[in-house]
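Take a look at the structure below.
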Amino acid sequence: MTARNKRARRLCRSGLAIFYGIAGILHIAVPNPFLQITPAWVPDPQQVIFITGACEVAGAIGLLIPAFRRYAGIGLALYAICFRPT
């Protein structure tokens, strides 16, 4: 891998970590906008919003730790597929 590719990967990884970190913190600190778009069939929506926020924060941190990077990336990709706004 070239130095240019390493730099690009590091920038993308950092950007994703920032994006998911902020989104996760917002899920926890200001849940109302997320509760408004949560489908009615979701059980205990406040708890689900909190847990998804915690998962986003954990994934963001995981992207920054080399030993967890791959697992965090897979987890966040699955999260993005499963928990997309409708």
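Coordinate-derived values only; no laboratory data. Computed from a prediction, not measured in an experiment: that's the story for all the values here. Don't worry about glycine lacking a Cβ; one is built from the backbone with ideal geometry, like all the others, and counts go over all protein chains shown.
Over the C-alpha atoms of the chain, the Rg to Rh ratio, Rh being the Kirkwood estimate, stands at 1.06. Over the chain, DSSP H runs of length four or greater, each weighted -39,500 (n - 2.57), average out per residue to a 222 nm ellipticity of -25000 deg cm²/dmol. Candidates ILE65, CYS55, LEU78 compared by Cα position along the dipole of the range 3-82: farthest toward the positive end lies ILE65, with charges placed on Cβ. Considering only LEU63, LEU11, LEU76, the mean-square fluctuation computed in a Gaussian network model of the chain, springs between alpha carbons under 10 angstrom, is largest for LEU11.
Largest mean-square fluctuation among ILE51, ILE37, ILE61, in a Gaussian network model of the chain whose springs join Cα atoms under 10 Å apart, belongs to ILE37.
Here the relative contact order of the chain, from alpha carbon pairs under 8 Å that lie six or more residues apart, stands at 32 percent.
Computed over the chain with a Gaussian network model linking Cα atoms closer than 10 Å, the most mobile of VAL30, VAL42, VAL57 is VAL42.
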